[in-house]
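Reading through the structure tokens given below for one structure.
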Amino acid sequence: MTKPQIRPATGAQFSRILGVGGYRPVRVIPNAEVLEWIDSSDEWIRTRSGIAERRWAGPEESVAEMSVQAAGKAIAQAGIAPDQIGGVIVATVSHLKQTPAIATEIGERLGCGTAPAFDISAACAGFGYGLGLADGMIRGGNAEYVLVIGVERLSDLTDQSDRSTAFIFGDGAGAAVVGPSDTPGIGKLIWGSDGSQSEVITQTQAWDTAFAKPGAVNGVGEETKWPALRMDGQPVFRWAVWEMAKVAQQALDAAGVTADQLGAFIPHQANMRITDAMIKALKLPDSVPVARDIAETGNTSAASIPLAMERMLESGEARSGDLALIIGFGAGLVYAAAVVTLP
Ligand code: UT7
């Protein structure tokens, strides 16, 4: 008797981003307001990071609410119905409720039916990680359309008295609908991690040491303090400038695309100086438009790439159908880069 064989799942040959959307909180925090919390100057913040202002979410602008707003736009641009979505992936490090995944609530609110829904934690590389998963799900035959959301309320995890991070972070959501394509729309993902540097960007303390569990005996400190993000800026900066330019080049090479063929460069919005150093390392011609959304948005971690992509498309700086190089990098350390076709 022949052994029974599993029928292979078959999906689309290729995938691409079909729609992108963003949500920016209403409240603008200019550098002048940050100077009320820390000893700094508008000039220092602008020249060292490129940030002029950032958006911070209000009580109504929850992780779910911002995601629903951004995803609604992405779904509309993709021209599909919400119930055609076959997967909801939410990349975030600032949804403060451990379980259930916020993706299920977001899927429900959008009308995505019984689509599988889950969260991923890959910090500023979260959107790229999500895109890679979506591409695999679609080409592997496990979904036709997948919603990838990058969303953060980093203000909830910002220590306003910490000079090295108080000016950096912002809130917002960006979403993309990924679906089948006749031509390749997402190049090979160059992704990875470096756990030896897990301490350079981290939460100051775990929730169980920050807050006493009733009856806890497991080392809960006397002092309770709301955890915040702590960053050792210099090593992260150096890593981003030296290592990430190589990763970006690998993504170009894997896609068989040269820098001059790009219609946009959309790096994670971590620091304008990191972006400028990457442009130099990649020998990106002046003709390639570069995302500089950080000036008005700050660093929104997983949301920064889709937010910047939406802005470039809306402003006409980048055009639908053009090739864009995206690269995310951050806490973990983790990274993900790919060449994609713009929706
Ligand atoms: O999104 C995840 C990935 N994150 C990143 O990629 C961020 C990477 N790192 C960075 O972007 C930069 O390291 C920062 C923007 C965070 C800091 O810039 P930096 O040029 O690395 O500053 P630094 O920490 O080396 O500090 C330089 C000087 C120091 O003074 P001295 O020792 O030279 O006298 C600091 O005390 O600037 C001082 N300083 C400040 N001055 C005014 C540090 N923070 C501030 C501040 N305002 N907020």
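A count restricted to the range 330-343 and to residues that are outside any loop (DSSP other than H, G, I, E, B), hydrophobic (A, V, I, L, M, F, W, C), open to solvent by less than 10 Å² (accessible area, probe 1.4 Å) and more than 15 Å from Arg16 (Cβ to Cβ) stands at 2. Among the residues that make up the range 149-157, is at least one of them farther than 18 Å from Ala71 by Cβ, among the polar types (S, T, N, Q) and touching a strand residue (DSSP E or B) at 6+ places or on another chain (Cβ under 8 Å)? Yes, the range 149-157 has at least one match.
Conditions (1) among the polar types (S, T, N, Q); (2) more than 16 Å from Asp162 (Cα to Cα); (3) surrounded by fewer than 16 Cβ atoms within 10 Å (Cβ to Cβ), marked per residue:
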residue: Val28; (1), (2), (3): no, yes, yes
residue: Glu33; (1), (2), (3): no, no, yes
residue: Arg54; (1), (2), (3): no, yes, no
residue: Gly58; (1), (2), (3): no, yes, yes
residue: Ala71; (1), (2), (3): no, yes, no
residue: Ile80; (1), (2), (3): no, yes, no
residue: Ile85; (1), (2), (3): no, yes, no
residue: Ala91; (1), (2), (3): no, yes, no
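Contact annotation: residue pairs with Cβ atoms under 7 Å, 6 or more positions apart or on different chains, pairing a residue in the range 162-179 that is aliphatic (A, V, I, L, M) with a partner that is within 7 Å of the ligand (Cβ to nearest atom), are Ala166/Ile38; Ile168/Ser49; Ile168/Asn299. Can you say whether Ala52 is under 21 Å from the mean Cα position of the chain (by Cα), within 16 Å of the ligand (Cβ to nearest atom), on the phi < 0 side of the Ramachandran plot and in contact (Cβ under 8 Å) with a residue 12 or more places away in the chain, as far as the supplied structure shows? Yes; evaluated as a whole, the condition is true for this residue.
The values are calculated or read from the model by the stated rules, or taken from the named source; none is laboratory data. Fair warning: this is a prediction, and the values are worked out from it, not measured in the lab. Note that each Cβ is placed from the backbone with ideal geometry, even for glycine, and that neighbours are counted across all protein chains shown. Calculation scope for accessible area: heavy atoms of the full protein, side chains included, ligands and nucleic acids excluded. Shrake-Rupley method; radii C 1.70, N 1.55, O 1.52, S 1.80 Å.
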